[in-house]
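Undergrad: Pasting in a structure now, in structure tokens, and then I'll have a few things to ask.
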Amino acid sequence: NGLSFGYRVREARRGRVREIRALDLVEVSLVANPMQKLARIHAVACAGASEGATQAA
């Protein structure tokens, strides 16, 4: 119930932490255990579905 993001950094600023200024998004995948704990799916909706069709993940 998580997401994984693949990207290429185009521009970054280095200091104590790296600040990504620009990137190319390559892919987004559904995964069971994302490395970033906050990359979780909390709800799912379908285009054209009735209002009651939204489910919590």
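Since every read-out is calculated from the coordinates, none of them should be taken as a lab result. As the structure is a prediction and not an experimental result, all values here were calculated from the model. Cβ coordinates were reconstructed from backbone atoms using ideal geometry, including for glycine residues, and neighbour counts include every protein chain displayed.
Undergrad: How much length would be gained if the chain were fully extended between A39 and I20, taking 0.36 nm per residue of separation minus their Cα-Cα distance, in nm to one decimal?
TA: Result: 5.1 nm gained on full extension.
Undergrad: Same structure, new question: With each pseudo-label sitting 7 Å past Cα toward Cβ, what's the S29-N1 distance in nm, one decimal?
TA: 2.1
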